[in-house]
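K.L.:
Quick one: this structure, given as structure tokens, is what I'll be asking you about.
The values are calculated or read from the model by the stated rules, or taken from the named source; none is laboratory data. The model shown is predicted, which means the values in this text are computed figures rather than measured ones. Don't worry about glycine lacking a Cβ; one is built from the backbone with ideal geometry, like all the others, and counts go over all protein chains shown. Only protein heavy atoms, including side chains, enter the accessible area calculation; ligands, DNA and RNA are left aside. Shrake-Rupley method; radii C 1.70, N 1.55, O 1.52, S 1.80 Å.
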Amino acid sequence: VQLQASGGGLVQPGGSLRLSCAASGRIFSIDYMGWYRQAPGKGRELVAIIASGGSTNYGDSAKGRFTVSRDNAKNTVYLQMDSLKPEDTAVYYCRALVRGIVTSEYWGQGTQVTVSS
């Protein structure tokens, strides 16, 4: 199983970005998918996760500005980020609990988001 993240880039403060993460491989189902981020010199923190049924959980920094969603048919999770701030600058990683031949957690390779004028 592989997770492929995309959509990062450079954006001005107040702007928006949409991240995508697609899971591929021998997948029976995905329990949850979500996003974490790691800024330089800091630990990895939760941004948002979404369960297969649609329930969501957001980190404090994402509440009210970011929206997580998923397309179960495509095994893809999205993160719509609005009203971006410089402190949102980080590498964003997707994570998923995948049920396949074995059940395991997987991480994507990370995508850089830079918020700067």
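K.L.:
For region 1-60, which positions are in contact with a helix residue (DSSP H, G or I) (Cβ under 9 Å, 6 or more places away or on another chain) and hydroxyl-bearing (Ser, Thr, Tyr)?
P.N.:
Ser29, Ser52
K.L.:
Filtering region 85-117 down to residues that are more than 26 Å from Gly64 (Cβ to Cβ) and among the small types (Gly, Ala, Ser), which residue is modelled with the lowest pLDDT?
P.N.:
Out of the qualifying residues, it is Gly100.
K.L.:
If Val11 meets every condition in (1) touching a residue at least 60 places away in the same chain (Cβ under 8 Å); (2) surrounded by fewer than 18 Cβ atoms within 10 Å (Cβ to Cβ); (3) hydrophobic (A, V, I, L, M, F, W, C) apart from one, which number is that one?
P.N.:
So the condition that Val11 fails would be (2).
K.L.:
When you scan region 14-117 for strands (runs of 3 or more DSSP E) that lie fully inside it, which ones turn up with 3 or more residues that are touching a residue at least 40 places away in the same chain (Cβ under 8 Å), open to solvent by less than 50 Å² (accessible area, probe 1.4 Å) and not hydroxyl-bearing (Ser, Thr, Tyr)? Please lay out each step first, then the result.
P.N.:
Numbers: elements: 17-24, 27-38, 44-51, 56-58, 66-71, 76-81, 90-100, 103-107, 111-115.
Those strands (runs of 3 or more DSSP E) span 17-24, 27-38, 76-81, 90-100.
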